[in-house]
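The values are calculated or read from the model by the stated rules, or taken from the named source; none is laboratory data. Small disclaimer: the values here were computed from a predicted structure and weren't measured. Every residue, glycine as well, gets a Cβ built from its backbone with ideal geometry; the counts of neighbours run over all protein chains shown. Ligands, DNA and RNA are stripped out before the accessible areas are found, and what is left, the full protein with its side chains, is counted by its heavy atoms. Shrake-Rupley method; radii C 1.70, N 1.55, O 1.52, S 1.80 Å.
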Amino acid sequence: MHKSRLGHLAVALSLSCCVVNLPYLRAQSVKTEVSDLISLGRVTSATALPNGVDLRDGKARIEITALREDVLRVRVSKAEKMSEDASWAVLAGARTSSVATIYGAKGDKVGFQTKVLEVSVDRATSRLTISDRRGGILLQDAEPVEFHGDRFRVYKRMPEQEHYFGLGDKMGPLDRRGGAYQMWNTDQYRFQESSDPLYKAIPFFLADNGGRSYGLFLDNTWRTSFDFGKEDANAYSFGADGGPVDYYFIYGPKPKQVVEGYAWLTGQTPLPPRWSLGFQQSRYSYMTEARAREVADRMRADRIPCDALYLDIDFQVGNAPFTVNQETFPKFSEFVEELKDKHFNLVLITDVHIADRPNQGYAPYDSGAAGDHFVKNPDGSVFVGKVWPGPSVFPDFTRKQSRDWWGTLYKQFYDEGVAGFWNDMNEPSVFEVASKTMPLDVVHRIDEPGFLPRSASHAEIHNVYGMENSRGTYEGLLKLKPQQRPFVLTRATYAGGQRYAATWTGDNSSTWNHLRMSTPMLLNLGLSGFSMVGDDIGGYAGSSTQDLLTKWIEVGEFNPIYRDHTEKFTADQEPWVGGPEVEAVRRRYIEDRYRLMPYLYTLAEENSRTGVPMMRPLFLEFPDATADKHPLDLDAGNQFMLGANLLIAPAPYPEAPDDYQVTFPPVGWYDYWTGAKIASAPREAVAVSTGAALGVGALQSVKIKPEVNVLPVFVRAGSILPFAPVVQSTQEKPDGPLTLKVYPGEGCEGSLYQDDGISFAYKAKDFLRVKYSCDSANGGLRLRVGAREGSFQPWWNEVEVTIFDWKSAPGKVTYGGETISKLHFDESAHSLTITLPEKAEGGELEIGAK
């Protein structure tokens, strides 16, 4: 790689002897004869700002500001005037936030301090260094920022022990180190391990270096790219085909703090409707009303819990969005009502395009054309591209008035009781062209609060198009039913899109490899802001084997979105396929999903407040678990956490019959299915960066022999988990007590959150929140049940407490000072179960040793 060290804003007018190797940028834009390379090489002047510093290299500028004590913004311009200060991703309140800084200029350095960070720029090279206040370097330029015409590249030093996570649903291992990636939303049917780019552009990553973490978000909607040492083993780099150098640095030092900081910057996931956490059944396509009814009725007849049924494009007239084929769905509104009566939520696909059908009575086209809502060619004509309906036009979602119009298209469906909507093909996908999308010179007319009105090419808007589509859907549904939480599922999106929609990993395949690859994809999406994520259970492309579908349903139980979906002309993929024996296994896991619903919903509410994902890599909960503090997940195959308490350990190669090791963070663990305490053995630790042996440390492991019908799941010692009786849908009131399962250990605690599951009444404190804690001493145990917060009334009258690792019948048992006699000691299971009355004020359960 030729890297310029030209000093002061130098311009190399002739580099015809060589081609500048800019990794993973569009080759057709590289000039091989004349280069207009500009490299910021020194600081010619520096001006203190109330919240940072403004640096100049001739006319070029570097502006570094502090939004919070731990969040910095870096903007670089090769011209004196910065680009427009606007963002599709960053919340206005965060982008304009500011904290006072202490300016410093000494010798060859200039910069500032916050309460936790120190910023220093070398005057001679303009290289930026960000350190903590103890002088520990967190981020450091490897080269000055380079501009190549409209394109740019930023280079950072890459320490040997640093690892990188995020960037959304990219393929490959959880750790991005050693890979290179493009951000360009692409319809990637049958994607494989080497496929890149995919459906989403989320230019954010989290770096972890010996237990200290930071995040970096490049807010640029053009085609962007990231290289984590593939080009240069000592540096990572990022850049874009155009647009601004505008990136944010988010300090931890713990990884969970970085994730929370990114959510502060780009927004939280709204609290979803509870039904969206239930089992969902879909395929491309349930072709008729009769077939969809048959699937719904079979779910209820076979007692397989299910909350949602999806209809793909074939319910429409000639695949035209917002239409219903009256021949195959003759009584559509009655059918929707029938499903509601059976406690099914209907989710309809509404692809991003509108069929190009003027003067045919097709209202979406007619109203869109009348309002001038469609994307234009450079000559002012409406762009037309071929998609599922044939020739199609595309709404210009960069215009608020066009998003508002789009939202009105849902009125009839929403009035009829359709519960949610699925925005697909919104990369946007266009058929029969090599690019798979619109021409880059198609014109968008930005008319949006916070932006100056202007025209923009599709090259600039492409990556944000899918997010603004889902935004139009979400905001439209909110206007139609202001008291009902919308559910929107989107395939393409950008950073910040979590504010409007859940997502999934797109058109995967029915292979064991795709099941294995789904876990790191979902984990990295969670780290990138998208907690409400899932994949197509069983795989989309191709037919699933019976064992593959069974195992995928097992693993899917512990993913946030739990949707079984497959394509046309494949074998049936509903849970009963394959006969009663395999159906019973799949039913057991789906039922357990519903028993676990109180825990899942509590996690969803936590995510809506903090941004911490429901599904988590191990290092998010245990950042210091290894001796050299490298991320534990690098030792732990496809293991993941659901919340802070559950560790799920599928086989790293799920089709293989070989035994494998489950690696445990250094706390106690219980078997989720039996409650038995795990007797694990110490595991030899190895430094990931060097391969050096670290000796036997705190890590523990057990050997597992894989079985098709069993998924190993473990509970962290010190957990108190809430469970409910099985229901057939989340709309059904559970019949029986709330169950609290107590797994004694250090820091024993838990919590429960409930509300009506569908409205915004929780914002007026119509919710229920309870906190629990326990401690063990002298062979006894004390469990504290906190007073209920909020006004929402529980569905249970009793609480059944089961305590594991209990060795003998108890002595005296009291709750709130009153003796409790309703209890059962199970000697073989080493568990004690006690039934308590529900009390709004809570109480203290005391169990004495016998």
Open item on the list: With every protein chain kept in place and ligands, DNA and RNA left out, what is the accessible area per residue of the chain? Probe 1.4 Å, answer in Å².
Closed with: 35
- [ ] With a 1.4 Å probe and every protein chain kept in, tell me what percent of the accessible surface of segment 90-199 is carbon plus sulfur.
- [x] 49
TODO: Compute the relative contact order of the chain as a whole-number percentage, counting only Cα pairs closer than 8 Å that sit 6 or more residues apart in sequence.
DONE: 9
Task: Label-point separation in nm, Asp766 to Ala434, each point 7 Å along Cα→Cβ - done: 5.8
- [ ] Would you mind checking Lys109/Lys629; Lys170/Lys376; Lys771/Lys822 for any pair whose Cα atoms are more than 25 angstrom apart?
- [x] Lys109/Lys629; Lys170/Lys376
Task: Ranked by how many other beta carbons lie within 10 Å on average, peptides 41-50, 114-123 from highest - done: 114-123, 41-50
TODO: Ratio to report: Rg/Rh of segment 499-579, with Cα atoms as the point set and Rh obtained by the Kirkwood method; give two decimals.
DONE: 0.97
Open item on the list: Under a crude label model (7 Å from the Cα following the beta-carbon direction), how far is Glu193 from Arg782 in nanometres?
Closed with: 5.4
Open item on the list: Going through the cross-link list Lys340/Lys551; Lys156/Lys200; Lys342/Lys481; Lys115/Lys230; Lys340/Lys436, which pairs have a Cα-Cα distance over 28 Å in this structure?
Closed with: Lys340/Lys551; Lys115/Lys230; Lys340/Lys436
Task: Additional length obtainable on full extension of the chain from Ser821 to Lys807, 0.36 nm per residue less Cα span - done: 3.2 nm
TODO: Distance between Cα centroids, segment 159-237 to segment 545-604: provide it in whole Å.
DONE: 30
Open item on the list: Output needed: percent of Cα pairs per 10 Å distance bin for the chain, bins running from 0 to the one holding the longest distance.
Closed with: 2, 12, 22, 24, 20, 13, 5, 1, 0
Task: Estimated FRET transfer efficiency (Ala584, Asp735; beta-carbon r; R0 22 Å; 0.05) - done: 0.50
Open item on the list: Suppose R0 equals 30 Å. What FRET efficiency, 1/(1 + (r/R0)^6) with r the Cβ-Cβ distance, do Leu452 and Glu69 give to the nearest 0.05?
Closed with: 0.45
Task: Simple label model, 7 Å out from Cα along Cβ direction - Glu841 to Asp150, nm - done: 7.0
Task: Structure-based [θ]222 nm, the chain - -39500 (n - 2.57) summed over DSSP H runs of at least 4, per residue, nearest 500 - done: -5000 deg cm²/dmol
- [ ] Quote to one decimal, in nm, the extra length available between Glu327 and Asp232 on full extension: 0.36 nm per residue of separation minus the C-alpha distance between them.
- [x] 28.2 nm
